[in-house]
Amino acid sequence: CSDGDKACHLWTVVDLAFFVLMGIVGGLLGALFNCINKRLAKYRMKNVHPKARVIRVLESLLVSMVTTVVIFVASMTLGECRDLSPPTTHNSTVLEAVNVNVDVNSTIRQFFCSNKSYNDMATLFFNPQEVAIHQLFHQDATFSPVTLSIFFVLYFLLACWTYGVSVPSGLFVPSLLCGASLGRLVANVLKMNLGMQIYPGTFALIGAAAFLGGVVRMTISLTVILIESTNEITYGLPIMITLMVAKWTGDFFNKGIYDIHILLKGVPLLEWETEVEMDKLTASDIMDPNLTYVYPHTRVQSLVSILRTTVYHAFPVVTENRDNEREFMKGNILISNNIRFKKTSVLTRAGEQRRRCQSMKSYPSSELRNVCDDQVPVEPTEEGQDILQQMLERRHIPYPNLYPDQSPSEDWTMEERFRPLTFHGLILRSQLVTLLIRGVCYAENQSSATQPRLSYAEMTEDYPRFPDIHDLDLALLNPRMIVDVTPYMNPSPYTVSPNTHVSQVFNLFRTMGLRHLPVVNAVGEIVGIITRHNLTHEYLVAKLRQHYITI
């Protein structure tokens with residue numbers, strides 16, 4: 001509207017009813033878009049991503065080829081040649097009208113049409129997306145309803161197919177363009193069939209907001225973005241209403257496109273806050289008691305086995321604690337170690353040792369292949385006898401020394417392997433792999449002081465593309481060498497007590513950006529570890545349901 005033109009209105013109260021209907025349609029179409037794209041993403045994860053990288057390249061080339069063919073065929077066979085309309089002033093100056101007309105004429109595409117006409121389908125397809133959106137927002141009655149309908153269907157399918165291929169492909173601007181064509185189609189129908197005096201650009205803007213809101217399910221941020229892009233605060237109310245209606249409609253069927261892909265990829269994205277009911281759970285209820293740990297001085301063969309048989313990002317650095325072993329037999333109350341955690345973790349850790357031994361037998365070093373065969377098998381327990389009680393009664397077995405210059409022995413018995421674990425710090429997988437690749441270790445008959453020392457710059461030289469443990473040449477490693485991890489571990493990470501409420505654990509992860517949170521009892525023994533996966537909404541709901549069943 002021109003300055004001072006009080007009779008000009010970009011939208012009226014009557015238009016709000018149509019905006020609400022467009023929000024409902026945008027939510028339904030967004031839910032359909034997300035449903036189709038989710039099925040495509042699952043198919044890609046199952047049949048495309050596990051294969052060679054060349055398959056991903058071929059898929060991208062296929063999408064490009066099909067898109068090109070569709071654009072050319074649709075423009076040649078389905079596009080209409082429309083005459084250039086003379087500029088209308090609408091109480092504006094003639095100079096402004098000429099400028100607008102020149103700007104419009106510079107972006108139209110003739111595409112086999114005569115000199116004084118243009119192809120409306122080619123004008124939308126053969127312009128950059130931003131220019132096409134500008135055409136839909138500002139040109140007056142230059143696109144036929146048939147062209148807009150065909151363009152919307154084709155662009156909807158192409159955008160849905162393209163999002164998720166192994167190339168950087170956007171979603172925000174294509175959704176705006178797709179929705180703008182839908183809004184412009186509604187404006188043409190209302191103006192031609194019902195004779196309503198409306199501004200088509202307003203309906204194109206509302207259509208873009210409706211479809212984009214139905215796909216991504218964002219409200220406040222999209223409202224601000226669209227108001228800033230139009231530079232008209234008067235559009236605030238219709239945009240806000242349309243986005244809210246589109247979100248509510250789409251949420252009846254599925255989640256937003258970003259949430260769907262986050263779940264498919266298994267990314268543990270945390271909510272803003274936990275529900276009040278979740279505080280019935282504590283850290284001991286959600287933690288993982290089955291620990292995979294390393295010692296301050298660990299042999300190369302053990303580190304390689306741990307790294308190749310697990311996918312964990314960090315490992316607790318622990319030592320066996322014999323002094324406190326009497327404490328965790330005082331009953332079911334958590335005093336030093338909870339006996340429930342100890343009973344469930346003994347067999348798990350024994351099975352972990354067996355898996356490591358099996359993985360060692362495939363190593364190129366003959367010394368590694370034979371190390372598990374030399375171990376004395378664990379005697380089976382008598383019927384009805386608690387394996388944990390048997391461990392504690394056999395106190396005559398000498399406890400191995402863990403002074404800094406010595407390393408744990410592979411010949412430890414089961415009793416020696418499952419002592420209470422004193423927590424000393426955390427070390428990352430990337431740090432362990434870097435130490436192995438750079439040969440940071442010392443011989444068995446030497447002191448740990450002879451081990452080479454790496455600077456911080458050397459440890460982070462490969463960031464963010466750290467090498468993988470499977471790229472390590474095992475033939476170059478001496479399996480009996482020892483790695484001292486104490487100079488490189490984090491000796492003071494954030495820790496919580498087993499009795500800490502879930503809301504406190506959740507806030508600690510959210511505010512400090514944690515990935516791992518050790519659960520340590522009153523005497524400094526680690527009884528479990530919490531990661532982001534343990535704080536996702538689905539995991540907490542499952543644990544809360546289990547908590548009620550136990551009660």
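Quick notes on this one:
- Meets criteria (outside any loop (DSSP other than H, G, I, E, B), open to solvent by less than 70 Å² (accessible area, probe 1.4 Å) and within 17 Å of residue 304 (Cβ to Cβ)) for residue 434: yes
- Within region 442-462, considering residues that are assigned to a loop (DSSP other than H, G, I, E, B) and more than 36 Å from the chain's Cα centre (by Cα), the one surrounded by the fewest Cβ atoms within 10 Å (Cβ to Cβ): 445
- Looking across region 22-52, not a single residue is open to solvent by 60 Å² or more (accessible area, probe 1.4 Å), in contact with a His (Cβ under 9 Å, 6 or more places away or on another chain) and of a type in the set (A, V, I, L, M).
- Residues in region 115-141 that are among the polar types (S, T, N, Q), more than 19 Å from residue 73 (Cα to Cα) and part of a loop (DSSP other than H, G, I, E, B) were compared, and the one that is modelled with the lowest pLDDT is 139.
- Qualifying helices (runs of 4 or more DSSP H) (wholly inside region 211-305; at least 3 residues being more than 26 Å from the chain's Cα centre (by Cα) and surrounded by 14 or more Cβ atoms within 10 Å (Cβ to Cβ)): 220-230, 236-251
- So residue 159, is it over 17 Å from residue 125 (Cβ atoms) and either in a helix (DSSP H, G or I) or without any contact (Cβ under 8 Å) to a residue 12 or more places away in the chain (or both): no
- When each of 152, 203 is tested for being under 24 Å from residue 225 (Cα atoms), within 35 Å of the chain's Cα centre (by Cα) and free of Cβ contacts under 8 Å to residues at least 60 places away in the same chain, the lone residue that passes is 152.
- Members of region 494-540 found to be more than 12 Å from residue 268 (Cα to Cα) and of a type in the set (Asp, Glu), listed by number: 525
- Lone qualifier among 510, 465 - being without any contact (Cβ under 8 Å) to a residue 40 or more places away in the chain and open to solvent by 70 Å² or more (accessible area, probe 1.4 Å): 465
- Within region 513-545, the set of residues being part of a helix (DSSP H, G or I) and either in contact with a strand residue (DSSP E or B) (Cβ under 7 Å, 6 or more places away or on another chain) or in contact (Cβ under 8 Å) with a residue 40 or more places away in the chain (or both) comprises 532, 533, 534, 535, 537, 539, 540, 543, 544.
- Qualifying residue in region 479-486 (condition: open to solvent by 50 Å² or more (accessible area, probe 1.4 Å), in contact (Cβ under 8 Å) with a residue 60 or more places away in the chain and more than 30 Å from residue 264 (Cα to Cα)): yes
- For region 183-203, taking the residues that are assigned to a helix (DSSP H, G or I) and open to solvent by 30 Å² or more (accessible area, probe 1.4 Å), the one that is modelled with the lowest pLDDT is identified as 193.
The values are calculated or read from the model by the stated rules, or taken from the named source; none is laboratory data. As the structure is a prediction and not an experimental result, all values here were calculated from the model. For neighbour counting, all protein chains shown are included, and Cβ atoms are generated from backbone atoms with ideal geometry for every residue, glycine included. Heads up: the accessible areas ignore ligands, DNA and RNA and are worked out on the full protein's heavy atoms, side chains in. Shrake-Rupley method; radii C 1.70, N 1.55, O 1.52, S 1.80 Å.
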